[in-house]
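Beneath this line is the structure, given in C-alpha cells, with notes to follow.
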Amino acid sequence: MESHIRTEAAVATIITREPAPEVLVLKRNANPRDPWSGHYAFPGGRRDDEDTSLLATCIRETYEECGIQLSSDLLVKQYPVRHAGNHLNQPIPVTTYLFELPEQPAVRLQPTEISCHEWLGLDYVADTSNIIRRPMSPRCPDVLFPCIPATAGFIWGFTYETLMLVIADRYARFS
C-alpha cells in the first residue's frame, strides 16, 4: 500500500436529532507536543497507512477517541478539504464528514487524548449573541478570534469555522 501524506486528516461532526439537535465536541488533553493541546475539536485525526480512505480514518479515529462507532449509512455530507493550523503556520489538510444520529450515543473517552466531551445545542451555536471575540493563540496575542463559550473553554479556529458551515447548511436545508 502506498504511504499517505502524514499530515492528511479527517474529522467527524456528529449531530443528534433527539431530544433536540446537538453537536459533539471533545476537549483535547494538554500536551506540549500537540499544537491543538487543550482545544475543543471534533473526533478525528491523521490518516494511517492502513486506512483505506479518509472516511475510514474518520470512523477509526472517532471510535478510538470517544467510543462512537460510525458507519457510512449515517453519513450526511462530506465537506471540501480545508486547512487546520493556519494560525500556527502549519496548515494540515482536513476533510470533515457530517454524521447525523437519531439520538446521543454513549461516549467512552480515550483518557490519554481527550479530557472531556460536550453536546452543544445547535440553537446555542447558531445564536450569534453567543459568539464572542478574544485572543486565543499565544502566537497571535493581538488577534481577536471569534469563538463560542463551552463548559471548559472556548470553541474557536477550525472547529468554530466548521460549526458555522454546519449551521449554515442545516438551516438552509430545513428553512
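Phi angles of region 66-71 translate, via the Karplus equation with coefficients 6.51, -1.76, 1.60 and θ = phi - 60°, into HN-Hα couplings of 9, x, 8, 8, 8, 9 Hz per residue; Gly and Pro are given as x. Taking amide H as placed 1.01 Å from N in the peptide plane, the amide H of C116 sits under 5 Å from that of K27, each at least 5 places away or on another chain. Computed from the Cα positions only, the extents of the chain along the three principal axes stand at 48, 39, 30 Å, in decreasing order.
Loop-located GluC sites (Glu not before Pro) across region 21-123 with a Cβ neighbour count of 13 or fewer within 10 Å are E50, with loop assigned by DSSP. Think of it as helices only: each DSSP H run of n ≥ 4 in the chain is worth -39500 (n - 2.57), and spread over all residues that comes to -6500 deg cm²/dmol at 222 nm.
Read-outs throughout are calculated quantities, based only on the coordinates presented, and are distinct from any laboratory measurement. Keep in mind it's a predicted model, so treat the numbers as computed, not measured. All Cβ positions, glycine included, derive from the backbone under ideal geometry; neighbour counts span all protein chains shown.
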